[in-house]
1. With the condition kept exactly as written, say whether any residue in region 122-144 is over 30 Å from F73 (Cα atoms), of a type in the set (D, E, K, R), part of a helix (DSSP H, G or I) and open to solvent by less than 70 Å² (accessible area, probe 1.4 Å).
2. Please specify each residue of region 166-198 satisfying the condition of being among the acidic types (D, E) and touching a residue at least 40 places away in the same chain (Cβ under 8 Å).
3. If a residue must be open to solvent by 20 Å² or more (accessible area, probe 1.4 Å), part of a helix (DSSP H, G or I) and under 21 Å from G105 (Cα atoms), how many such residues does region 195-218 contain?
4. I76: at pLDDT below 95 and either open to solvent by 60 Å² or more (accessible area, probe 1.4 Å) or not hydrophobic (A, V, I, L, M, F, W, C) (or both), yes or no?
5. Taking N160 and the conditions (1) of a type outside the set (V, I, T); (2) open to solvent by 20 Å² or more (accessible area, probe 1.4 Å); (3) modelled with pLDDT under 95; (4) assigned to a helix (DSSP H, G or I), which numbered condition does it fall short on, given that it satisfies the others?
6. Select from region 233-250 the residues that are of a type in the set (K, R) and in a helix (DSSP H, G or I) and list them in ascending order.
7. Condition (residue is within 24 Å of E41 (Cα to Cα), modelled with pLDDT of 85 or more, in a loop (DSSP other than H, G, I, E, B) and not hydrophobic (A, V, I, L, M, F, W, C)) applied to region 176-194: is it met by at least one residue?
8. Of the residues E229, E221, only one is part of a helix (DSSP H, G or I), in contact with a Lys or Arg (Cβ under 6 Å, 6 or more places away or on another chain) and acidic (D, E); which?
Amino acid sequence: MRYLVFLLIILINGIGGFFSTGYSQELDRSKFKKSSLVSREIAEKQLNRVYQLVGKLQTFHCGCNFDKIKQVFPNICASDSKVTLENKTSRTLGWVSMMPVHIFGGSLRCWTKNLCARSDGRKAKGARCCSEVSPKFKKMESDMHNIFPAINDLASIDKNFDFGGMWEYQFCPGESPSLNIRGDIARAYFYMSYQYKISLNEALEDSMRKWHFNDPPDNWEEIRNDRVEDIQGNRNLFIDHPEWIERVADF
C-alpha cells in the first residue's frame, strides 16, 4: 500500500518535481524518536535474533545464506557466484554499519583528537576512543536501522568504501551495489543523516535520492522496521513515508 501511495505522489507531482528544489514543507523533527540503545553488542545480538525468527537468513549485499551459528556459505547466494572454490568455503557472519563509522564518527572530537589513553601511555583517537568517551557515537554505532548482515571478511575491509559491507561483492561479482538494495542503502543514509544531523556531500546525496526513487521500500524493509522499533523504540520514517524525502532540502 505504501508503495502505491509513493508512486501516486510521484505521478501527481511529476518525476521532475520529485527531485526539484521546491521542497513543499519542512519535516517535523519531533516525529523522529530517539533510539534507546547504546550498546553495539546488544544491537548485533538483537538483530541476529530478528533475522533468525523471521527466517531472513541472507546477507545484505549478495544474499548468501547463513545459519544459527553465524556460518555464511558464499556458494549459496541469491546472486550467481563465479568466485573460486577457495573463496566459497564457509565464512563467519558480521554486522556492518551501512553508513560507515568514519562518516558518522568523523566529525566528533574523539575521532580527530587524541583524547583516550592507551596501555603504553600514548593518546588514541578514532572509533575505539569514541566508543569509550562519546555517548553520541555509542548511540549512532548501536542504531539498528543502520546495521546489516554481511560476510565477515575483515582482511578485505577498505575504509574508503562509502557503504558498509561492499567487500562482499568479491563473492558475487556484478553491479555493485545491487539495484534491488540501493533504496535500502539510501534510506539508511537518510535516516542517519536526519536523525543525527550528519551532512552528506552533494554528489552522494544526489545519488541517494535517485536510488530511493528507483528502489522503493519493500515488504522486508517494513517488517524489519517494525522489529527494530520493538527493540530500540523508534522507526526509520523514510521507510514509512518515502515521500518525506522531498521535504528535506539538504541532508
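The values are calculated or read from the model by the stated rules, or taken from the named source; none is laboratory data. Keep in mind that what you see is a predicted model, and the values were worked out from it rather than measured. Heads up, the Cβs are rebuilt from the backbone with ideal geometry, glycines too, and the neighbour counts pull from every protein chain shown. Note: areas computed on protein heavy atoms with side chains; ligands, DNA, RNA excluded. Shrake-Rupley method; radii C 1.70, N 1.55, O 1.52, S 1.80 Å.
1. yes
2. E168, D184
3. So the answer is 5.
4. Considered against the rule, which asks whether it is at pLDDT below 95 and either open to solvent by 60 Å² or more (accessible area, probe 1.4 Å) or not hydrophobic (A, V, I, L, M, F, W, C) (or both), I76 comes out as yes.
5. (4)
6. Once the filter is applied, which keeps residues that are of a type in the set (K, R) and in a helix (DSSP H, G or I), region 233-250 yields only R247.
7. Taking every residue of region 176-194 in turn, none turns out to be within 24 Å of E41 (Cα to Cα), modelled with pLDDT of 85 or more, in a loop (DSSP other than H, G, I, E, B) and not hydrophobic (A, V, I, L, M, F, W, C).
8. The match here is E229.
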